[in-house]
Each structure stands twice: as C-alpha cells, then as structure tokens.
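S.K.: Structure in structure tokens, see below.
Taken together, the values in this text are just the output of simple stated rules run on the coordinates, not laboratory data. Just so you know, these numbers come straight off a predicted model, no measurement behind them. Because the Cβ atoms are built from the backbone with ideal geometry, glycine has one as well, and the counts that use them run over all protein chains shown.
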Amino acid sequence: MNENILEVEHLTQHFRLGRKEVVHAVDDVSFCIRRGQTLGLVGESGCGKSSCARSIIRVYDPTGGTILLDGTDITHMSQKQLQPLRRKMQMVFQDPYSSLNARMTVRDIIAEPLLAHHVVKNREQANSFVYPMLERVGLTREHADRYAHEFSGGQRQRVGIARALVLQPELVICDEPISALDVSIQAQVVNLLRDYQQEKGLAYLFIAHDLSMVRYVSDVVGVMYLGQLVELCGAEEIYSHPLHPYTQGLLSAIPVANPALARQKKSGGVAGDLPSPVTPPAGCRFHTRCPFAKPICSQEAPCMKEAAPGHSVACHLYD
Ligand code: SF4
C-alpha cells in the first residue's frame, strides 16, 4: 500500500486565451498527501488553487507534470480509464447552491454515484447507503425526498458532502467548502469533515482563501501565490514560524479577537493587487508586492527549498 494517496509533481496548468495570450493558472506545483492526512491549500482568489484541484480531479487535462493517485499515474488517462479510479477520489464543491441538481431529490443525488459505479443495482438497494449517509452528515431520512432548493446553505453542503462520501473515497478534494456558508455554520461543516476523517481515515485536500480557515483541519499547509507554491510545512509550523513574506502578510490579515493581542499585531495584509496570471512578473512573482524585495528578486525566480526540516519555502531571503 502506498504511503501517499496523492503525489503531485511539477503540475502545470495553462489555458489559452485567444491566439496569443496564455493564463499561467498553475506553474510547477509539487506536493503529496499521506493517507488519512489533510493538506490545506491557501491563497488569494485567482492564485490557482481551484485550477490545481480541478487538474488533479482531471476536470482539466494538465499542461505538464504528473499526478499519482495511490501510486497510479492518472495524468493522461482518458475519462473511461479514470472511471474506476474516481471511486477513490471525490470532490466537494464551493457553492452548495449551484453544485446540486435542482431537479433531483436528495435521495437521487446521493444514489447517483452508487449507481454510476455499480455499487448497487437500483434505487431500492441504494437506500441502504443513502439513509445512513444522510444521518451521518446530520440530516434525516425524511430529507431524502426533498429538493435542494428546500434546504439552507449549510444543509445543501451536507448533501454535497454526503454525495462525495457515500462511495467511501480515500481522498476528498474540498474546494472552499465553507466559504459560501454563514460563519456559524462553517465550524459545523469542518467538524463533520474532521470527525468523518477520524472514523474512516480518508485524506483531504482542503482549499481555502485564508489561513484561519484551514488551521483546525490541516496537518500540512501549502501557500500558493499566482500559480506557484511558495511555502509548504506542518500546520503548526506555518502559524508559529511563517517564512515567506506572502504567508506573513496573509497571517497578519487574520483578525484577532483579543484586543490586547490585536494592538500588538503589526497592521496587516498584503499590499497591492494580484498581478495578472497572463503576464506574471519576472523573477519572484511576489516581488511587486513584497516589502523585502532585493534586486535579485525581479531577475531570478527562487526555487522551493528546505529552509528547516520539513519546511520548504521559495524565497531569496533563505538562499
Ligand atoms: Fe520577497 Fe524576494 Fe522573497 Fe520574493 S524572493 S518573497 S520578492 S524577498
């Protein structure tokens, strides 16, 4: 059995815009996820984390690099070849409003993957999976014959999670699963995912746009900036010793509840706007916004290297 359920090596995803322009959505991103662990992938909107997720699940055909799912190279598999492997890898989408088919009942939404993967032969057999799954995600069997529009945002996301988990996948890609939910509901959904992980030992790739959201779910955190991974380390380490100036900026933007601590905190955030991924800056892509930029930063792109055991960063400050 492979130690890593997912290995992503030098993943690159470019999109053509007309005849000349190319969007550099993901450039040379590498990481792996161990069985039963959660990797939190963080960065501003437009940094490429969702493109990365969609390339991994093969909604897109990667431009370059390799994706190994449980040791099997799926990078260039056809959809037909991928079909049996999809049971191992499922996705929870950001928007619980548009990701559920409005014309299907909750029962049919959850039964669909069971039928598609021939786990059951008919809807009656599917009920033996659908009812326990509904209860597992905090809904009841009475909800089975309702339609998505009859639910709140939090309940819809629970249905989306039930659909992803019903096949007992080994990896679930959660693409900003709580961003569209009320703050009061976010913790409930995170707890649900975490409890299920402890019970079943599955792994998550958990995508979020701010570091506070991944803090309580991640074992490892990766920070992306303009299509590239700039820092990767254990979750505790990234909050206690952030190395990359971009990570430091993201952390300083997290609101602090304690007024005394808030006063001590440096005024936060990352100055300036994210440059266009069509024409990313030369050298270090963060140099146009970095308070520590040196002349080399606009000329030479820093490589990811280990600055401390288990802590990699792409920044000339640590050369
Ligand atoms: Fe800042 Fe230079 Fe490090 Fe980039 S390489 S983050 S510009 S110091």
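S.K.: Using the Karplus curve 6.51 cos²θ - 1.76 cosθ + 1.60 with θ = phi - 60°, what ³J(HN,Hα) values do you get for each residue of the stretch 14-19, in whole Hz, with x for Gly and Pro?
M.R.: Per residue, the Karplus-derived 3J(HN,Hα) values read 10, 10, 7, 10, x, 7 Hz.
S.K.: Follow-up. Could you run the Karplus curve 6.51 cos²θ - 1.76 cosθ + 1.60 with θ = phi - 60° over the stretch 39-55 and give me ³J(HN,Hα) per residue in whole Hz, x for Gly and Pro?
M.R.: Karplus-based 3J(HN,Hα) across the stretch 39-55 equals 9, x, 10, 10, x, 4, 4, x, 7, x, 5, 6, 4, 4, 4, 6, 6 Hz.
S.K.: Given Cα pairs under 8 Å that are at least 6 residues apart, what percent is the relative contact order of the chain?
M.R.: That works out to 20 percent.
S.K.: Can you list the residues, at least 5 places off or on another chain, whose amide H is less than 5 Å from the amide H of THR63, using H built in the peptide plane?
M.R.: Long-range HN contacts for THR63: THR12, GLN13, HIS14.
S.K.: Another one. For ILE109, what is the net charge nearby, where nearby means another residue's Cβ is under 13 Å from its Cβ and Lys, Arg count +1, Asp, Glu -1?
M.R.: Surrounding charge for ILE109 is +3.
S.K.: Now a separate question. How are the alpha carbon pair distances in the stretch 83-205 distributed across 10 Å bins from zero to the largest one, expressed in percent?
M.R.: 14, 49, 34, 3
S.K.: Next up: Would you count, across the stretch 6-136, every pair of lysines whose alpha carbons are under 29 angstrom apart, provided the pair is eight or more residues apart or spans two chains?
M.R.: Close lysine pairs under the 29 Å cut-off: 6.
S.K.: Let me ask something else. Local charge sum around THR75 (other residues, Cβ-Cβ under 12 Å, Lys/Arg +1, Asp/Glu -1)?
M.R.: Summing Lys/Arg as +1 and Asp/Glu as -1 gives -3.
S.K.: State, to one decimal in nm, how far the label point of MET1 lies from the label point of LEU115, with both points 7 Å from Cα in the Cβ direction.
M.R.: Taking the simple label geometry, MET1 and LEU115 are separated by 3.3 nm.
S.K.: Could you pull out the longest piece of the chain with no exposed loop trypsin sites (Lys or Arg not before Pro) in it, calling a site exposed if DSSP puts it outside H, G, I, E, B and it has at most 13 other Cβ atoms within 10 Å?
M.R.: Here the longest run is 122-265.
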